[in-house]
Amino acid sequence: MKHVFVTDSNTQLILVPESETDRLLLDSVMSSGASTEIEWIRQPVSVLGISVKDSIVIRKKTYKPITEDAEQA
């Protein structure tokens, strides 16, 4: 996966797939009508056994179902 920063009036990050696998993975994150969320990891965390910090995570937004307890509150 290649990345490109565009810095004009708005800074933008563009992810450019370089293989069919990259395309399929991007499609998996961005498709199915689900919203996406972006999280900025500022403190060191372990991701698949690799320590990362100052990184960005893009993922499908997950919604927690409303429980009966929450409805009664």
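Each value in this text was obtained by applying a stated rule to the coordinates, not by laboratory testing. Bear in mind that the values here come from a model prediction, so they are computed numbers and not experimental data. All Cβ positions, glycine included, derive from the backbone under ideal geometry; neighbour counts span all protein chains shown.
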Given the range 2-51, report the % of alpha carbon pairs whose separation exceeds 13 Å. 74
Expected vector for the range 14-21, Karplus 3J(HN,Hα) from phi with 6.51, -1.76, 1.60 and θ = phi - 60°, integer Hz, x for Gly and Pro, equals 10, 9, 10, x, 10, 8, 5, 4
With Cβ to Cβ distances under 14 Å as the rule, what net charge do the other residues near residue 41 carry (K, R +1; D, E -1)? 0
